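Please read the structure below before turning to the comments.
The values are calculated or read from the model by the stated rules, or taken from the named source; none is laboratory data. Predicted model, so just to flag it, every value in this text is computed and none were measured. So basically every Cβ, Gly included, is an ideal-geometry build from the backbone, and we count neighbours across all protein chains shown. For the accessible areas, the whole protein counts, side chains as well, though only heavy atoms, and no ligand, DNA or RNA atoms are used. Shrake-Rupley method; radii C 1.70, N 1.55, O 1.52, S 1.80 Å.
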Amino acid sequence: AYAKSLRVGSAGKAKALLDRMIVLRDSGVIDFSPCETSYNTVINAYAKAAFRGEEGSAESALAILMELLDSSQPPEGDADETGAPNPNDVLPKTDAVVQPNTITFNAVLGALANGASEESAIAAEELLETLLSTYRSACLNNGRTAARRVQPLTISFNTVINAWARSSSPHAVDRSEGILNLMKELRADGTLPHLKPDVVTLASTLNVISRSREIGAVSHAKALYDDLIETHNIRPNVLAMNTLIKVCANCAKSDVTERQLGFSIAKEVYEHILQSATLKQDSFTYACFIKACNLVSPINQLEERRELVKGAFERCCEDGLLHRKVLCPLQQACTSDLYAELLGGYLINEKEVDMSKVPKSWVRKVKRYNS
């Protein structure tokens with residue numbers, strides 16, 4: 001119950017129950033030990049707490065995993081003349097039988113990603129390296145079949161890339177692409193033949209680029225997008241396409257050539273989504289594209305920009321996808337008269353919209369997010 005609770009401090013209470021179980025076990029009051037699920041549940045509780053911004057949650061999740069890793073190692077004891085451990089040396093009673101698995105590692109990686117800092121991203125990358133070395137050791141000692149319980153998965157790498165996306169680090173692009181390249185190398189050399197970048201990898205890596213504001217971000221993102229789709233046969237979803245539009249929309253301070261390329265790509269991707277029989281646009285699609293309309297010169301192409309923004313807004317309302325997050329880029333892309341034309345009857349002042357008064361059909365698919 002504590003693990004599922006959204007209350008502040010609930011993760012700490014879940015950990016306290018786990019510690020109490022260990023004390024009762026060690027004192028002989030109960031004859032069973034916490035299992036992998038027990039630890040994973042507590043770690044997941046800390047991951048959720050980290051997402052809510054509870055300070056120290058990610059570090060607490062990592063500490064539990066490190067304790068498990070330490071306790072699962074054979075003790076240092078006397079060896080016989082062959083170098084083999086003394087059979088009289090037994091594993092410590094406390095948690096010795098509980099060994100972290102891939103689920104445990106991934107839960108902690110998630111907690112670190114939710115930490116949303118450069119320090120958390122570095123810790124996540126280091127933990128991924130620990131998972132990889134644990135897997136390699138297990139393969140050497142027990143064979144690949146037995147090592148599957150600690151086998152790094154695509155989601156493990158995606159989570160670290162996401163940690164860098166959330167880090168606001170100036171090194172995020174280089175570090176995240178280093179993780180992507182590591183995925184490719186491990187697949188190519190046969191270490192992890194199952195490992196393959198997927199659509200989440202694509203969207204997460206694009207998200208890192210979108211937040212970087214790096215020079216040449218549009219060209220960089222489009223090259224990566226095309227390469228992953230072609231090389232790994234990835235079918236991009238709306239999230240990945242939205243994120244590519246977002247990269248383009250964020251290049252407003254770039255030179256003219258980059259802005260023109262950015263708008264061209266954004267418009268092409270936006271229209272592809274709208275015309276697709278399998279893709280479904282969402283509020284983010286409209287928010288990103290309307291923001292991208294800022295790349296169209298308000299001096300030389302004012303009428304074109306006006307029609308693009310108006311058309312996207314009207315289509316958004318028609319689809320019932322008018323989210324509050326659409327309004328900010330709408331205001332930035334509109335002249336004051338166009339903004340008043342589109343929303344005049346629902347404005348509280350020149351900028352603020354009373355969402356309770358807009359037609360319900362405009363917000364029918366996102367109403368619960370607009371209150």
| Residues of the chain: accessible area per residue with a 1.4 Å probe, Å² | 52 Å²
| task | Taking only Cα atoms and a 10 Å spring cutoff, compute GNM fluctuations for the chain and point out the largest among V309, V353, V150. | result | V353
| Rounded accessible area of H194 (nearest 10 Å², 1.4 Å probe) | 80 Å²
| remark: So, for the Cα atoms of segment 263-306, Rg and Dmax in Å stand at 11.5, 37
| By average C-beta atoms within 10 angstrom, highest first, the peptides 7-17, 202-212, 257-267 | 202-212, 257-267, 7-17
| field | Accessible-area value, F51, 1.4 Å probe, nucleic acids and ligands omitted, Å² | value | 140 Å²
| field | Solvent exposure, largest accessible area first (probe 1.4 Å, DNA, RNA and ligands not counted), of M183, M66 | value | M66, M183
| said: What is the percent carbon and sulfur in the accessible area of the chain, measuring with a 1.4 Å probe over the protein chains and ignoring ligands? | reply: 52 percent
| Rounded if a/c is under 1.5, else prolate if a/b beats b/c, else oblate: with a ≥ b ≥ c from the C-alpha gyration tensor eigenvalues square-rooted, which is segment 214-306? | oblate
| note | Using alpha-carbon positions, the gyration tensor of segment 311-353 gives root eigenvalues a ≥ b ≥ c; with a/c under 1.5 called rounded, otherwise prolate if a/b exceeds b/c, else oblate, the class is prolate
| remark: Helix 324-333: inclination vs the chain longest Cα principal axis, degrees, rounded to 10, gives 50 degrees
| For segment 222-363, taking Cα atoms only, what is the radius of gyration to one decimal and the Dmax to the nearest whole Å? | 15.6, 51
| said: Between segment 32-65 and segment 145-206, how far is it from one alpha carbon centroid to the other, in angstrom? | reply: 22 Å
| said: What number results when the radius of gyration of the chain, computed over Cα atoms, is divided by 2.2 N^0.38 Å? | reply: 1.23
| remark: Percent of all alpha-carbon pairs of segment 113-188 at distances over 20 Å, whole number, is 33 percent
| Could you sort R315, R305 by accessible area so the largest value comes first, with the probe set to 1.4 Å? | R315, R305
| message | Can you give the FRET efficiency to the nearest 0.05 for A223 and I30, using r as the Cβ-Cβ distance and R₀ = 56 Å? | response | 0.45
| query | What is the extension gain from T278 to T191, computed as 0.36 nm multiplied by their sequence separation minus the C-alpha to C-alpha distance, in nm to one decimal? | reply | 27.8 nm
